[in-house]
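Before any comments, here is the structure.
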Amino acid sequence: MGYLKPHEIAAATVETGVKKATQLNRSALILGFVAGAFIALGYLLYIRVIANTPAEWGSITTFIGASVFPVGLILVLIAGGELLTGNMMAVPLARMQRQITTSRMIKNICLITISNFAGAIFVAYFFGHIVGLTETGPYLAKTISIAEHKIDDSFLQAFVSGIGCNWLVALAVWLSYGAKDLSGKILGIWFPTMAFVAIGFQHVVANMFVIPAAIFAGGDITWLDYLQNFVPVFLGNLVGGSIFVAGIYKLAYLNKADEAVKSK
């Protein structure tokens, strides 16, 4: 069989969460940096693809952009990286199973948040600003438009949007853990990721790229605006990953009653 059954994915995810929480700080920071950069590159690709499409295309433009965005998450999960939104699912699940301590879980989330931000900012500044890939013609207009729409959301809107986002993104990660071959992993990652982008949900690491890119480009956005967006989206992503994926599948597949049934 080319994939794991759901209860097997749950067990594999716990093991992955333990590895993530117990790895060396240096490894976490390096892999967090590249993951932030990969997601930013996926977003940069999205902007470069859709910015020049005719307005008459309507939602087809969104579909095309959403179809290329998953490249970033594919790089994270196959080439290697530590992405905050995925860790918000796998590491809490390991904690729910009492395989790691709460302090290790919090430490991992903090390290990956910082290193993802560094990677995303790197791409926003050097490729977006210095090279000018987000600061000319339609690319500038699209970057600023996207960022403004994100910061215009209220705290509650951004929070709920964050939940929806990481429900889908964490499921993409979950499906990748369940696939045993490269093509299966890519397909498992692609469609849930494409769905969150097409819907327009807010992803905390993606926002680490596009909002700073708009700031660097001279948009009417401040770092305080970014912070006010970061907090609710971070919290929403945390709920989406830890409760709507990890918590649900913990109850479904990892409680003692279910284990007893499976053993018969």
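The values are calculated or read from the model by the stated rules, or taken from the named source; none is laboratory data. The structure presented is a predicted model; accordingly, all values stated were derived computationally and were not measured. Glycine gets a Cβ as well: all are built from the backbone with ideal geometry, and neighbour counts include every protein chain shown.
Scanning region 124-170 for residues that are over 21 Å from F201 (Cβ atoms), touching a Leu at 6+ places or on another chain (Cβ under 7 Å) and among the hydrophobic types (A, V, I, L, M, F, W, C) gives F127, L133. Of everything in region 1-25 that is part of a helix (DSSP H, G or I) and farther than 20 Å from T101 by Cα, the residue that is nearest to the chain's Cα centre (by Cα) is I9. In region 126-146, the qualifying residues are those that are outside any loop (DSSP other than H, G, I, E, B) and touching a Ser or Thr at 6+ places or on another chain (Cβ under 7 Å), and the one that is farthest from V210 (Cα to Cα) is L140.
Looking only at residues that are hydroxyl-bearing (S, T, Y) and in contact with a helix residue (DSSP H, G or I) (Cβ under 7 Å, 6 or more places away or on another chain) in region 122-170, which one is farthest from G219 (Cα to Cα)? If we take residues in region 122-170 being hydroxyl-bearing (S, T, Y) and in contact with a helix residue (DSSP H, G or I) (Cβ under 7 Å, 6 or more places away or on another chain), then S161 is farthest from G219 (Cα to Cα).
For F191, the conditions (1) over 15 Å from the mean Cα position of the chain (by Cα); (2) surrounded by fewer than 18 Cβ atoms within 10 Å (Cβ to Cβ); (3) under 26 Å from K250 (Cα atoms) all hold with the exception of (1). Can you tell which of Y226, Y249, Y177 is more than 18 Å from the chain's Cα centre (by Cα), in a helix (DSSP H, G or I) and at pLDDT 95 or above? Every option except Y249 fails the conditions. As a summary of the residue check, M89 satisfies the conditions (1) farther than 28 Å from G188 by Cβ; (2) assigned to a helix (DSSP H, G or I) except for the one numbered (1).
The rows are residues; the columns are (1) hydrophobic (A, V, I, L, M, F, W, C); (2) outside any helix (DSSP H, G or I).
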residue	(1), (2)
N52	no, yes
L73	yes, no
I100	yes, yes
I109	yes, no
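Looking at V231, V261, which one is modelled with pLDDT of 95 or more and among the hydrophobic types (A, V, I, L, M, F, W, C)? Talk me through it step by step, then tell me what you get.
Details: V261 fails: modelled with pLDDT of 95 or more.
Only one candidate qualifies: V231.
Please verify whether region 210-227 includes one or more residues that are aromatic (F, W, Y) and closer than 16 Å to I39 by Cα. No: region 210-227 contains no residue that is aromatic (F, W, Y) and closer than 16 Å to I39 by Cα.
For T62, the stated conditions hold: it is among the polar types (S, T, N, Q), in a helix (DSSP H, G or I), surrounded by fewer than 20 Cβ atoms within 10 Å (Cβ to Cβ) and under 21 Å from the mean Cα position of the chain (by Cα).
Pairing each residue of region 188-214 that is touching a residue at least 24 places away in the same chain (Cβ under 8 Å) with any residue that is among the basic types (K, R) and in a helix (DSSP H, G or I), provided the two are 6+ apart or on different chains, yields C-beta distances under 7 Å for Q202/K150; N207/K150; I211/K150. Among residues of region 84-102 that are free of Cβ contacts under 8 Å to residues at least 12 places away in the same chain, those with a Cβ under 8 angstrom from a residue that is part of a helix (DSSP H, G or I), sequence gap 6+ or separate chain, pair up as T101/R95; T102/R95.
Conditions tested, residue by residue: (1) farther than 21 Å from F244 by Cα; (2) over 14 Å from the mean Cα position of the chain (by Cα).
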| residue | (1), (2) |
| --- | --- |
| Q99 | no, yes |
| K107 | yes, yes |
| S115 | yes, no |
| G128 | yes, yes |
| G137 | yes, yes |
| A141 | yes, yes |
| V169 | no, no |
| S183 | yes, yes |
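May I ask you to verify whether D153 is of a type outside the set (A, V, I, L, M, F, W, C) and out of contact with any Ser or Thr (no Cβ under 7 Å at 6 or more places or on another chain)? So D153 does not fit the description; no.
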